[in-house]
Amino acid sequence: MDAFQYLPYTINVLNRIWKRIKLKKVRKVLVTKGQPFFDDLDSAILTFFRDYFNAVGDYVLYSYILEPEDPKREAEMIINKLKEDYENLLNATKNLVLFFIAHKEELRELLEPEDWLLLEEIMVAFEMDKPNWDFLYQVTKSVELTQSEKQIEFEITLNRLLEEFNHETGADRLMRRIMKDTKKKRLEDD
């Protein structure tokens, strides 16, 4: 089971539940205690995904454009950084879940039954040292990954601006050329 595939759904559910808790405004102490855990999770998410996509960029850069001085060392450094970031992301998620576990009676009273059930299932999945990804898969497959209006606006705007940038700079034509040449080379090698 690919853990990376289900983590965004889990984090999305946790964020949604946290927003609903904050909207209740009756448990300011609970929100104040929990906010640092969400801040840590936000930071870990940002670091992991930035480094993950930097690794994808490095893959293209060092595979097709530049020659790395020490290919094995460069690749190992990239993967070691990703592993460290991933562990930090899992720890931040687990710490937040442990916060929820410590306050589960309060949360049970605050949350709607559907949200409580999801949170409870996530808590169960994180009870062991490593999350139970098989169980988490069963939980998350029924949850739709949702986007806020600002996330949708960002996605649309960045996509449009990237397309404009790629067209203006010729990057779109370059990438098509690289892919075509790579495909041609593979066919020749077969």
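The values are calculated or read from the model by the stated rules, or taken from the named source; none is laboratory data. Quick caveat: nothing in here was measured; it's all calculated off a predicted structure. Positions of Cβ are backbone-derived with ideal geometry, glycine not excepted, and every protein chain shown enters the neighbour counts.
State whether the residues of the stretch 173-190 include one that is outside any helix (DSSP H, G or I) and either assigned by TED's automatic domain parsing to the domain that holds Ile65 or at pLDDT 80 or above (or both). Give the steps one after another, and end with the answer.
Step one: list which residues in the stretch 173-190 are outside any helix (DSSP H, G or I), which gives 190.
Right, trim to either assigned by TED's automatic domain parsing to the domain that holds Ile65 or at pLDDT 80 or above (or both) and you get none.
No, the conditions are met nowhere in the stretch 173-190.
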With the checklist (1) among the charged types (D, E, K, R); (2) more than 24 Å from Thr47 (Cβ to Cβ); (3) surrounded by fewer than 15 Cβ atoms within 10 Å (Cβ to Cβ) in hand, flag the one item Glu74 doesn't pass. (2)
Report, ordered by the first and then the second residue, all pairs with beta carbons closer than 7 Å, sequence separation of six or more or different chains, a first member in the stretch 59-84 that is not assigned by TED's automatic domain parsing to the domain that holds Met179, and a second member that is hydrophobic (A, V, I, L, M, F, W, C) and assigned to a helix (DSSP H, G or I). Tyr64/Ile178; Ile78/Ala55; Leu82/Ala55
Residue check: is Ile178 over 30 Å from Asn95 (Cα atoms) and touching a residue at least 40 places away in the same chain (Cβ under 8 Å)? yes
Residue under question is Phe154, and the condition is that it be of a type in the set (Phe, Trp, Tyr), at pLDDT 85 or above and farther than 30 Å from Asn95 by Cβ; does it hold? no
Those residues of the stretch 140-158 which are surrounded by 11 or more Cβ atoms within 10 Å (Cβ to Cβ), closer than 17 Å to Leu119 by Cβ and more than 15 Å from the chain's Cα centre (by Cα), in sequence order: Val143
Here the residues within the stretch 142-171 that are touching a residue at least 40 places away in the same chain (Cβ under 8 Å) and not polar (S, T, N, Q) are Val143, Leu145
Tally, over the stretch 92-127, of residues that are crowded, with 16+ Cβ neighbours inside 10 Å, farther than 18 Å from Tyr9 by Cα and either out of contact with any helix residue (DSSP H, G or I) (no Cβ under 7 Å at 6 or more places or on another chain) or among the acidic types (Asp, Glu) (or both): 0
Which of the residues belonging to the stretch 115-167 are aromatic (Phe, Trp, Tyr) and closer than 21 Å to Arg16 by Cα? Trp116, Phe126, Trp133, Phe135, Tyr137, Phe154
Counting only residues that are over 22 Å from Ser142 (Cα atoms), at pLDDT below 75 and of a type in the set (A, V, I, L, M, F, W, C), which one in the stretch 5-55 is farthest from the chain's Cα centre (by Cα)? Val26
Residues in the stretch 36-49: is at least one surrounded by 12 or more Cβ atoms within 10 Å (Cβ to Cβ), of a type outside the set (Ser, Thr, Tyr) and not in a helix (DSSP H, G or I)? no
